[in-house]
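Below: one structure, written as structure tokens.
The values are calculated or read from the model by the stated rules, or taken from the named source; none is laboratory data. A quick note: this is a predicted structure, and the numbers were derived from the prediction, not measured. Because the Cβ atoms are built from the backbone with ideal geometry, glycine has one as well, and the counts that use them run over all protein chains shown.
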Amino acid sequence: MGSLFLKVLAAGDIATVLARANAKIAAFAESISVPAFIFYVLGAVLAVGAGLLGYKLIKLLVSLSFTVVGYALGEELYLLVAGYFKLESFDWLAYVAGAVVAILFFFLAFKKFSYAFCAVMGVVGFMLGFFYVHDVSLALGCGIVLALVCMFMIRPAFILLTSGGGAFVAVSMVSALLPDVSYLKLNEGYIGLLVALGLTVLFVLVQVLTTHGDAKKENAKTAAAPAPKRRVKRRIIEA
């Protein structure tokens, strides 16, 4: 059994990751005797919803993303321990460890979602860096830089992430719904990629326009907030 994190890294690029996800969905649908197109339609609808409403759902989406990171981390840690102590017959405990850490990360993200978002972006930066440079050190540097940048630019970074993620997942789901339309597949030619990039631009514009008022309110609240009171240390002079 391989970890979720290593399986994603082994895919090598985003298109392959999404294609494998579609295959997993199809296998799961077959195992429970439900038509796969239902899951593809639901996935496409959720992806478009995330692309259009991402920033308005920032706390929920960050918490869910951080939950996935927690699951992958919990599973990875257990597999490392199991490999060291040779516990191959207890591989099912990897799912338990992943679930426990995922629940913990969900609550942590809900309490401190801005830090959770930076952590998620760090993981995204590492994966993207590894996909294109194939060097762990450089990929780690990409993750750290992206996390630090996003710390100071949460709104634009989150809008770009949800717009891009929603667009690519939506195109992937539609291509699974229409298997005969090969040009929509992200790993076959450039048309699917161009469609996904076009949707990304559209989603970004919609989110920027629909959250402009929210950003102004947040800035006004920050400006109106009273400055923190400084504690005055009193010196006690004994006579």
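Put simply, of Leu146, Leu140 the only residue that is touching a residue at least 24 places away in the same chain (Cβ under 8 Å) and not aromatic (Phe, Trp, Tyr) is Leu146.
Evaluated against (1) loosely packed, with under 14 Cβ neighbours inside 10 Å; (2) closer than 23 Å to Ile25 by Cα, Asp135 falls short on exactly one condition, (2). Quick one: is Leu93 surrounded by fewer than 21 Cβ atoms within 10 Å (Cβ to Cβ) and within 16 Å of the chain's Cα centre (by Cα)? Answer is no for this residue.
Residues of segment 71-110 that are over 17 Å from Leu6 (Cα atoms) and among the charged types (D, E, K, R): Lys86, Glu88. Scan segment 1-9 and tell me whether some residue there is assigned to a helix (DSSP H, G or I), surrounded by 15 or more Cβ atoms within 10 Å (Cβ to Cβ) and either small (Gly, Ala, Ser) or modelled with pLDDT of 90 or more (or both). For segment 1-9, residues assigned to a helix (DSSP H, G or I), surrounded by 15 or more Cβ atoms within 10 Å (Cβ to Cβ) and either small (Gly, Ala, Ser) or modelled with pLDDT of 90 or more (or both): absent.
Would you confirm whether or not segment 144-155 contains a residue that is part of a helix (DSSP H, G or I), out of contact with any His (no Cβ under 6 Å at 6 or more places or on another chain) and either under 21 Å from Val48 (Cα atoms) or modelled with pLDDT of 95 or more (or both)? I'd like the intermediate steps shown before the answer.
Filtering segment 144-155 down to residues part of a helix (DSSP H, G or I) leaves 144-152, 154-155.
With the extra rule that they be out of contact with any His (no Cβ under 6 Å at 6 or more places or on another chain), the set shrinks to 144-152, 154-155.
Keeping just the survivors that are either under 21 Å from Val48 (Cα atoms) or modelled with pLDDT of 95 or more (or both) gives 154-155.
The answer is yes; a qualifying residue exists.
Selection of first residues in segment 54-78 that are of a type in the set (Asp, Glu) and of second residues that are at pLDDT below 85, restricted to Cβ pairs under 6 Å at least 6 apart or on distinct chains, gives the following pairs, ordered by first then second residue: Glu75/Ser3; Glu75/Leu4; Glu75/Ala94; Glu76/Ser3; Glu76/Phe5.
Among the residues of segment 179-206, the one identified as touching a residue at least 40 places away in the same chain (Cβ under 8 Å), part of a loop (DSSP other than H, G, I, E, B) and surrounded by fewer than 20 Cβ atoms within 10 Å (Cβ to Cβ) is Asn187. Taken together, the residues in segment 193-212 that are at pLDDT 85 or above and more than 16 Å from Val48 (Cβ to Cβ) amount to 5.
Here Ala50, Ala21, Ala36, Ala29 are screened, and the one residue that is surrounded by 15 or more Cβ atoms within 10 Å (Cβ to Cβ), hydrophobic (A, V, I, L, M, F, W, C) and touching an Asp or Glu at 6+ places or on another chain (Cβ under 8 Å) is Ala36.
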